[in-house]
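Right, one structure below, let's go through it.
Taken together, the values in this text are just the output of simple stated rules run on the coordinates, not laboratory data. Note that this is a predicted model, so its numbers are computed, not measured. Backbone-built Cβ (ideal geometry, glycine too); neighbour counts: all protein chains shown.
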């Protein structure tokens, strides 16, 4: 006879008080919060109005963070000349006239708007700390999952799903960050394009005044 997996649901919340509920919820959300905190890209508004709170919500999607790691790794492997400008631009979400963009053309244009390039074209200590936290959480989640799928009493394999482990899959997926860890940078600063044009016009005007004074 064929045997099918059996799922048993046990209702035990009547024995949990309010303080313990808060502890369980905090423990449950820790992997998700760490995944979002470490993976959300820095935003730069180059033109148009500032981003509203609901515009920035798209960057909080855990799946988008995984794709961000993938894109950075792929662009680094394809790039024949990787410098600090490319490092900062590929780690930044650009808002242009109310739309988020991160195309190669936008990365090329953003070079002239960058204010403070990093000293080296690779990761700094702040990003390394985030990678370390994500890695430790991922290893812990894999360890707990490996131990939890084995029932000590019956010796059978079983998945134990509970509130504290509800978001542990995000901790495991966060290990994808290791592929892009060497090229993650969170300190890029860009100048608004309108401000850049204003400064350029001012410099041209001052240069014109200076040359006029020299001819007198």
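Using the Cβ-Cβ distance between residue 17 and residue 147 with R0 set to 30 Å, the FRET efficiency works out to roughly 0.65. Packing around the peptides 65-75, 48-58, taken as the average count of other Cβ atoms within 10 Å per residue, puts them in this order, highest first: 65-75, 48-58.
FRET efficiency for the residue 82 to residue 132 pair, using the beta carbon distance and R₀ = 25 Å, is estimated at 0.60. Projected label points at residue 105 and residue 47, each 7 Å from Cα along the beta carbon direction, are separated by 1.2 nanometres.
Over all orientations, the range 25-85 has a Cα convex hull whose mean projected area works out to 6.0 square nanometres. Measuring max minus min along each principal axis, the C-alpha atoms of the range 16-191 give extents of 64, 36, 24 Å (largest first). Residue order for 28, 19, fewest other beta carbons within 10 angstrom first, comes to 19, 28.
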